[in-house]
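Report on the following structure.
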Amino acid sequence: MRWLERIAAAALLALAPIACAAEPPFLQWSEVRTYPHDEQAFTQGLFWLDGRLYESTGLEGRSTIREVALADGRVVRSVALPSDLFGEGIVNWGSEIVSITWRSGIGFRWDRASFARRAEWRYPGEGWGLTQDGTHIIMSDGTPELRFLDPRTLAEVRRIRVTSEGQPLFDLNELEYVRGEILANVWRTNLIARIDPATGNVTGWIDLSPLADRARAAGRSDVLNGIAWDARHERLFVTGKNWPMLFELKLER
């Protein structure tokens, strides 16, 4: 019977790598409501705070930070970035909004109440998306690495390398911190990766292909980009660059 035991053991060893490499699951979601969204907004960042929706837009000469009325997509107030800069992600910290730009290595601190520019800061490499976990500001730069920054100095504290099924995941874009994990738009896809902030492992996916198809059918639109989380009511808001609509979703637990 010893040969049977050896065959069984070999079979288990052969199956073990397959089990470890199992594809992360897809999180189910349901659409709650659809809102108008400015089709001229090349959306780069999005967050929800105290009943208000904040958005950043990109492209040189068109980059803004704005407060947007959820119900009708109207721009309540806005501030323009210098015309030579390509705006990227934004995040709230205290009374401020922190923003980054694409390839210039220049970021800004803005007063959230008045949109007055308070300070400028610098960082190496590109700037893509921003979020925060209550302790650090988290930044993406288009690579598989996410930077954790000290919110006071904006100095880098540490990094994690994001991997899916053991492979590095590139093109991490707009970020949002939701229920203890980092959500990241993956540029040029309809997918949002769910990332363990301790390990960088992708624990699951959110596939928003049906929403992207509807946005394209409704008019000119670009890629999925823009995630905002209303923690109080557990609502996820998503949109895309030049999308004519913004969606409110409910995520399964």
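With respect to the conditions (1) closer than 19 Å to Trp243 by Cα; (2) in a loop (DSSP other than H, G, I, E, B), Pro82 falls short on a single one, namely (1).
Within segment 105-116, being out of contact with any Pro (no Cβ under 9 Å at 6 or more places or on another chain) and either surrounded by 15 or more Cβ atoms within 10 Å (Cβ to Cβ) or among the hydrophobic types (A, V, I, L, M, F, W, C) (or both) holds for Gly107, Phe108, Arg109, Trp110, Arg112, Ala113, Phe115, Ala116.
For segment 158-172, filtered to residues that are in contact (Cβ under 8 Å) with a residue 60 or more places away in the chain and not acidic (Asp, Glu), the residue that is nearest to Leu130 (Cα to Cα) is Ser164.
Condition test on Glu174, is it in a strand (DSSP E or B), crowded, with 17+ Cβ neighbours inside 10 Å and either modelled with pLDDT of 95 or more or among the β-branched types (Val, Ile, Thr) (or both)? Spelling it out, Glu174 is indeed in a strand (DSSP E or B), crowded, with 17+ Cβ neighbours inside 10 Å and either modelled with pLDDT of 95 or more or among the β-branched types (Val, Ile, Thr) (or both). Condition (residue is under 15 Å from the mean Cα position of the chain (by Cα) and buried (at least 19 other Cβ atoms within 10 Å of the Cβ)) applied to segment 148-159: is it met by at least one residue? No, every residue in segment 148-159 fails to be under 15 Å from the mean Cα position of the chain (by Cα) and buried (at least 19 other Cβ atoms within 10 Å of the Cβ). Looking across segment 207-220, just one residue is under 28 Å from Asn92 (Cα atoms) and over 18 Å from the mean Cα position of the chain (by Cα), and that is Ala215. Yes or no: Val75 of a type in the set (A, V, I, L, M) and surrounded by fewer than 17 Cβ atoms within 10 Å (Cβ to Cβ)? Taking the combined requirement at face value, the residue satisfies it. Considering (1) at pLDDT below 95; (2) over 15 Å from Arg33 (Cβ atoms); (3) surrounded by fewer than 19 Cβ atoms within 10 Å (Cβ to Cβ), the lone condition that Arg214 does not fulfil carries the number (2).
For the condition under 19 Å from Ile182 (Cβ atoms), surrounded by 15 or more Cβ atoms within 10 Å (Cβ to Cβ), acidic (Asp, Glu) and modelled with pLDDT of 95 or more, Glu126 qualifies.
The values are calculated or read from the model by the stated rules, or taken from the named source; none is laboratory data. These numbers were taken from a predicted model, which means no experiment stands behind them. Cβ coordinates were reconstructed from backbone atoms using ideal geometry, including for glycine residues, and neighbour counts include every protein chain displayed.
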